[in-house]
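Q: Below are the structure tokens for one structure; questions will follow.
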Amino acid sequence: MIDLRSDTVTVPDQGMREAIAQAPVGDDVYSDDPTANSLEERVAALFGKEAGLFTPTGSLANQLSIRSLVSPGEELIAETNSHIVRAELGAAAVFSGITTRTWPARNGLLKASDALEIARPDSGPYLVSTTAIAVENTHNFGGGTVQPIDQIKELHAGASKLGVHLHLDGARLWNAHVASGVSFLEYGKYFETISVCLSKGLGAPVGSVMLSTKERITKSRVWRKRYGAGMRQIGILAAAGHYALDNELATRCKAQGLLISALGPKYARLVTHMNFDDAQCDEAIEILKKALVA
Ligand SMILES: *Cc1c(COP(=O)(O)O)cnc(C)c1O
């Protein structure tokens, strides 16, 4: 059976299960889980953000992010078919008193002007004020659309002028990064809050990470507990995230037909041998070049 329903159907391989089994753990409600702490720091550093927060789902990472940017009675604008608007069951309205307004885009493709034209900050006593814009990259219901970095830059410039915050729903930002070659640090520059999933393309069984400033993350940690997601020895989940990031490169190479050994975050083993010829060498180099684009 070939299962192409979703990238969430993956199950942990033996290596990931071993990493889970060996993870040092502690009570994360006391911030005592070393594996969760190091994963949060690691993902934050990847994107040039001050801090990270492990969440059980991407929906929660999105919801904590937008509630930190938008006050009750204010507005978040997003693309019509975005996950935040269509697939989070009205959570922004139910839990945070946030109203949403949307712009439609073919295949979810971002055009900065679409969002900027409907943004209405400081609308006074009659109309709802826009305080944040959400961008989804890649766009799920758009069909995996990778958002153009020039449009993200333009949106950032326009939103800054208006004093409107930007949130990135980066559930599949890993895929956008591989497809576009845009670095995580570059994506990190344009958004005040970011959510990324560990449980999609990276193949971890559970988890997402919210990224932002220390101040926003400290407040969001309180809200995470209030939502009922203050978890205890979550190092066993965070370890899978570490493992997935360590083996990212290996997974990308494997998808292109090249097997390598991932020995650490910046340490891979590739050994030539008798059954490896010049043509394969050229091919392996091409696969590696593509997989290493950052
Ligand atoms: C999967 C996904 C999420 C989060 O989903 P959860 O099932 O809550 O982890 C958020 N945004 C997008 C675009 C997604 O595809």
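Q: How about the stretch 190-294: which trypsin sites (Lys or Arg not before Pro) there are in a DSSP loop, with at most 16 other Cβ atoms within 10 Å of their Cβ?
A: R232, K266
Q: To the nearest 10 degrees, how steeply does helix 34-46 sit against the main Cα axis of the chain, on a 0 to 90 scale?
A: 80 degrees
Q: Moving on. Quick one: of K214/K254; K189/K219; K49/K200; K49/K266; K200/K225; K189/K290, which pairs are farther than 27 Å apart, Cα to Cα?
A: K214/K254
Q: Right, something else. Sorted from fewest to most neighbouring beta carbons within 10 Å, what does the list E186, E18, E79, E192 look like?
A: If I rank by nearby Cβ atoms, fewest first, I get E18, E186, E192, E79.
Q: Take the Cβ-Cβ distance between L4 and Y126 as r, set R0 to 51 Å, and report the resulting FRET efficiency rounded to the nearest 0.05.
A: Working from the Cβ atoms, E equals 0.55.
Q: Right, here's the next one. Using a 10 Å cut-off around each Cβ, can you sort C197, C253, C281 from fewest to most neighbouring Cβ atoms?
A: Fewest to most other Cβ atoms nearby, the residues stand as C281, C253, C197.
Q: Can you grab the distance from the C-alpha centre of the stretch 71-147 to the C-alpha centre of the stretch 235-294, Å, no decimals?
A: The two parts, judged by their Cα centres, are 37 Å apart.
Q: Taking 0.36 nm per intervening residue step and subtracting the Cα-Cα distance, what contour gain separates R269 from V222 on full extension?
A: Result: 12.7 nm gained on full extension.
Q: Moving on. Explain nothing, just the number: relative contact order of the stretch 14-241, from Cα pairs under 8 Å at least 6 residues apart, as a whole percent.
A: Over the stretch 14-241, the number comes to 31 percent.
Q: What base-10 log of the normalised intensity I(q)/I(0) is obtained for the stretch 14-241 from the Debye formula, alpha carbons as equal point scatterers, at q = 0.07, 0.08, 0.16 Å⁻¹?
A: Taken in order of the listed q values, log10 I(q)/I(0) reads -0.21, -0.27, -1.07.
Q: Multiply the residue separation of Q22 and A255 by 0.36 nm, subtract the distance between their alpha-carbon atoms, and state the gained length in nm to one decimal.
A: Using 0.36 nm per residue and subtracting the Cα-Cα distance, I get 81.2 nm.
Q: Skipping prolines and chain starts, which residues have an amide H placed within reach, meaning under 5 Å, of the one on A51, given they are 5 or more residues away or on another chain?
A: S212, K214
Q: Quick check: the angle from helix 278-292's long axis to the longest principal axis of the chain, C-alpha only, nearest 10 degrees?
A: 20 degrees
Q: Right, next: Among bridges DSSP assigns within the chain, what percent are antiparallel (round to 5)?
A: 45 percent
Every number in this text was worked out from the coordinates using simple rules, so none of it is lab data. Please read all numbers here as calculations on a predicted model, not as lab measurements. Cβ sites come from the backbone with ideal geometry, for glycine too, and all protein chains shown count toward neighbours.
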